[in-house]
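Read through the structure below, which is laid out as structure tokens, and then see the notes.
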Amino acid sequence: MDFVASFSGGKDSTLSIIDMVKKGHRLVAILVAIQGKSSWVHQIDKSYFDRFADIFACQIIYIDSSKDDYDSEFVRGLTEAKSIGADVCIFGDINILDHVRWNESVSNKAGIIAYHPLLNRTSRSVVSEILELGIKSSIIKVRKDIDKIYIGSNIDKDFIGEFSSRYPDFDICGEKGEYHTRVDLDSLEDIISKIPCGGDLYFDNASTCFPKAPGVAGICSRFISDRSYSINRGTFRGAYDLSSDIIDHREDVLDLFGADKKSYECVFTNSATISINTILFGSLKRGDHIILDDKLHNSTWRVVNKLRADGVEVDYWKMKDSKYRIDDFRTLLRENTRMVFLTMVDNIAGAYIVDDIDDYGAFVSLVRGNNIVYAGDGVQLAIEREFSVDELGLDIFVATSHIGMMATEGLSYLIGKKEVLESIEPLFYGGTGSQSNLETMPETLPDKFEVGSINTTAIFSAIRSISYIRSRGVASIIEKKHRLAEHLRQGIKNIYGVRVIGDGSFCLVLADNDSNIDMSALMFMLDYQYNIKARVGVQCSKMANDHYESYPGGIRFSMGYFNTDRQVDYLIESIKSAIKSC
């Protein structure tokens with residue numbers, strides 16, 4: 001479950017968060033009431049909350065405590081948390097029922113569930129658990145009737161004993177405002193690192209985004225429980241409503257990728273590999289000619305090798321002096337050239353082919369002038385670079401929901417100009433839930449390619465993830481991923497025994513020519529000793545490794561939006577340490 005937490009920086013709200021995380025739930029945001037440049041009651045600087053959010057890879061939603069209508073301001077914050085995927089808001093209150101009722105009231109107004117993990121526990125049991133877990137905190141503020149000598153005191157057994165003895169009628173946990181605390185973030189980070197999965201660092205986002213966008217797990221669960229009907233197979237209102245949501249998602253995807261709705265159609269398939277097979281097998285026949293780049297993913301390369309064996313003529317456009325030259329491309333053109341198929345961002349180092357073509361505008365004009373279909377593998381391009389399918393001049397574009405877009409596996413987008421898709425033969429035949437009287441496949445789009453049941457659960461995961469992407473901003477997401485990857489590349493480029501290449505959110509670590517480092521052994525050590533998840537090997541692209549002269553491959557680290565600077569710092573030090581042991 002994805003949750004937001006009302007967070008003051010104190011020990012009780014921290015314990016509530018840890019309690020949820022230990023149970024496998026995910027913190028997606030914290031709500032912090034502020035007054036000026038610091039928190040309202042505790043007067044903690046904003047930089048503290050920045051680091052807290054970095055530890056949990058969550059968002060911060062600030063609540064302006066100076067607003068006349070504080071209730072409405074808090075509801076606004078809860079509503080924002082809900083919009084990024086939070087199903088529940090947790091509060092650290094223990095036994096003050098007026099506080100609990102207020103929490104429930106504002107949560108109800110925002111349409112979110114209020115939950116109190118510590119409710120009805122004794123204050124002594126709460127403070128005992130805080131000490132047992134190793135949460136270090138100190139007093140930063142006391143009530144007027146409490147001796148100020150306690151400011152700066154650590155919450156430990158000595159303090160509990162002395163405070164209880166001196167103030168036997170007061171709440172030992174400070175529940176009634178006797179004192180306020182600030183948690184030491186170093187101790188918190190140490191605790192989180194020891195929670196199963198809490199200490200695992202994931203840097204394999206080019207394989208699949210993890211974690212998924214906030215709210216994805218929840219919407220999938222609710223869809224399966226409440227709306228898991230079959231599109232085009234149910235003649236009842238619920239199925240019709242579902243069909244309407246699917247239509248809206250097609251349009252949303254076209255809008256996200258900058259493809260004009262009047263010119264392009266969005267087809268759903270079960271994977272990018274199926275989309276690419278459909279494009280290539282459905283477009284080319286014996287005697288046709290295709291031009292491709294020299295960094296193909298195996299989902300294209302192996303298909304092309306099969307087509308070549310079946311009589312399709314194949315040429316590869318290769319780099320010269322670090323650029324794909326238009327003059328070289330012209331020499332590859334033939335009268336029977338039917339398609340140009342390019343890898344928009346390669347799978348191992350993240351290079352953007354638009355930047356690598358010496359004159360991209362001239363290239364597009366040349367392709368159009370020769371009436372050639374221009375197709376792009378955009379699997380690694382989605383939410384990796386800012387682009388528009390229209391502006392790139394693509395006739396066909398392929399993406400997938402689980403790479404870049406932070407949704408689940410099992411869904412690909414085959415986006416194409418309508419007249420181009422109409423000319424492609426379907427790869428699969430069978431039921432579409434439409435025009436069921438026909439003995440042949442319907443010619444209408446997208447039905448022509450959507451045989452069998454589509455993956456509606458994955459579609460709803462993508463509905464949620466696109467909403468999250470828009471709330472964060474595509475440019476902001478890309479900037480963060482690229483910044484973290486550059487941080488990593490700079491941090492390890494001078495380590496003896498390895499060399500580093502990569503663009504955007506990619507960092508490929510290779511053994512130096514003079515080095516005897518076994519990259520597979522290094523990855524094994526990073527996994528088992530340092531809890532780091534990445535990918536070693538050819539990365540599904542023998543061609544790209546040949547291009548970069550990196551065969552048999554290296555370790556690819558690919559950043560996601562939920563990685564943090566502290567994680568990258570840890571990764572850099574782990575790589576340095578592991579290499580010394582190799």
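Couple of notes before you dig in:
- Close contacts from the stretch 162-183, counting a first residue that is in the same structural domain as ASP50 (by TED's automatic domain parsing) and a second that is buried (at least 16 other Cβ atoms within 10 Å of the Cβ) and among the hydroxyl-bearing types (Ser, Thr, Tyr), with Cβ to Cβ under 6 Å and a gap of 6+ residues or different chains, come to ASP171/SER123; ILE172/SER123; CYS173/SER123; GLU175/SER123; THR181/SER137; VAL183/THR14; VAL183/SER137.
- Criterion (in contact (Cβ under 8 Å) with a residue 24 or more places away in the chain, in a helix (DSSP H, G or I) and within 21 Å of GLN567 (Cα to Cα)) met by exactly one of LEU508, LEU488: LEU488
- Tally, over the stretch 124-142, of residues that are basic (Lys, Arg), surrounded by fewer than 18 Cβ atoms within 10 Å (Cβ to Cβ) and in a loop (DSSP other than H, G, I, E, B): 0
- Whichever residue in the stretch 394-408 is of a type outside the set (Gly, Ala, Ser) and in contact with a helix residue (DSSP H, G or I) (Cβ under 7 Å, 6 or more places away or on another chain) and, among such residues, is farthest from SER461 (Cα to Cα): ASP395
- Any hit, the stretch 194-215, residues being more than 21 Å from SER558 (Cα to Cα), without any contact (Cβ under 8 Å) to a residue 40 or more places away in the chain and either in a helix (DSSP H, G or I) or basic (Lys, Arg) (or both): yes
- Each residue in the stretch 11-64 was checked for being of a type in the set (Asp, Glu) and either in contact (Cβ under 8 Å) with a residue 12 or more places away in the chain or buried (at least 16 other Cβ atoms within 10 Å of the Cβ) (or both), and 4 of them qualify.
- Taking the criterion of being farther than 22 Å from SER412 by Cα and of a type in the set (Lys, Arg), the residues of the stretch 181-221 that qualify are ARG182, LYS194.
- Some residue of the stretch 268-275 being part of a helix (DSSP H, G or I), aliphatic (A, V, I, L, M) and either assigned by TED's automatic domain parsing to the domain that holds SER423 or without any contact (Cβ under 8 Å) to a residue 60 or more places away in the chain (or both): yes
- The listed residues are ARG76, ARG101, ARG121, and the only one of them that is of a type in the set (Lys, Arg), in the same structural domain as ASP50 (by TED's automatic domain parsing), assigned to a helix (DSSP H, G or I) and in contact with a helix residue (DSSP H, G or I) (Cβ under 9 Å, 6 or more places away or on another chain) turns out to be ARG76.
- Entirely in the stretch 285-389, the helices (runs of 4 or more DSSP H) that have 1 or more residues that are over 27 Å from GLU479 (Cα atoms): 298-309, 326-332, 360-369
- Whenever a residue of the stretch 538-557 is under 19 Å from SER299 (Cβ atoms), its partners that are in a strand (DSSP E or B) and of a type in the set (A, V, I, L, M, F, W, C), lying with C-beta atoms within less than 6 angstrom and at least six residues away or across chains, give the pairs ARG556/LEU508.
- The stretch 419-444 residues that are assigned to a loop (DSSP other than H, G, I, E, B), paired with ones that are of a type in the set (Asp, Glu) (beta carbon under 6 Å, 6 or more apart): THR432/ASP447; SER434/ASP447
- ASP87 being touching a Gly at 6+ places or on another chain (Cβ under 6 Å), closer than 16 Å to VAL4 by Cβ and assigned by TED's automatic domain parsing to the domain that holds LYS11: yes
- Residue within the stretch 289-309 that is more than 23 Å from CYS540 (Cβ to Cβ), in contact (Cβ under 8 Å) with a residue 40 or more places away in the chain and crowded, with 17+ Cβ neighbours inside 10 Å present: yes
- One residue stands out in the stretch 65-90 among those that are of a type in the set (Gly, Ala, Ser) and crowded, with 20+ Cβ neighbours inside 10 Å: the one that is modelled with the lowest pLDDT, namely GLY85.
- A search for C-beta distances below 9 Å between a residue of the stretch 322-346 that is more than 30 Å from PHE557 (Cβ to Cβ) and any residue that is of a type in the set (Ser, Thr, Tyr) and part of a strand (DSSP E or B), counting only pairs 6+ apart in sequence or on different chains, returns LEU332/TYR316; MET339/TYR374; VAL340/TYR374.
- If only residues of the stretch 1-58 that are aliphatic (A, V, I, L, M) and part of a helix (DSSP H, G or I) are counted, the one that is farthest from ILE112 (Cα to Cα) is ILE55.
- From SER505, SER541, SER550, residue being outside the structural domain of LEU256 (by TED's automatic domain parsing), modelled with pLDDT under 95 and in contact with a Lys or Arg (Cβ under 8 Å, 6 or more places away or on another chain): SER541
- Members of the stretch 143-170 that are outside any helix (DSSP H, G or I) and farther than 16 Å from LEU131 by Cβ: ARG143, LYS144, ASP145, ILE146, ASP147, ILE151, GLY152, TYR167, PRO168, ASP169, PHE170
- Against the numbered list (1) surrounded by 14 or more Cβ atoms within 10 Å (Cβ to Cβ); (2) farther than 26 Å from ARG535 by Cβ, TYR316 comes up short only at (2).
- Taking the listed residues SER283, SER228, the one that is of a type in the set (S, T, N, Q) and at pLDDT 95 or above is SER283, with no other qualifying.
- Yes/no for VAL253 being assigned by TED's automatic domain parsing to the domain that holds LEU427 and either under 20 Å from the mean Cα position of the chain (by Cα) or exposed (fewer than 15 other Cβ atoms within 10 Å of the Cβ) (or both): yes
- Close pairs from the stretch 78-94: first over 13 Å from LEU27 (Cβ atoms), partner among the β-branched types (Val, Ile, Thr) and part of a loop (DSSP other than H, G, I, E, B), Cβ under 7 Å, at least 6 apart: LEU78/ILE112; LYS82/ILE112
- Cross-chain or 6+ apart pairs with Cβ under 7 Å, the stretch 145-156 first and on the phi > 0 side of the Ramachandran plot, then not hydroxyl-bearing (Ser, Thr, Tyr): GLY152/ILE139
- Residue check, ILE113 surrounded by fewer than 20 Cβ atoms within 10 Å (Cβ to Cβ), without any contact (Cβ under 8 Å) to a residue 40 or more places away in the chain and of a type in the set (A, V, I, L, M): yes
- Pick from the stretch 445-460, criterion in a loop (DSSP other than H, G, I, E, B) and among the β-branched types (Val, Ile, Thr), ranking: surrounded by the most Cβ atoms within 10 Å (Cβ to Cβ): ILE454
The values are calculated or read from the model by the stated rules, or taken from the named source; none is laboratory data. Here the structure is a predicted model, which means the values were calculated and not measured. With ideal geometry, Cβ positions are generated from the backbone for all residues, glycine too; neighbour counts draw on all protein chains shown.
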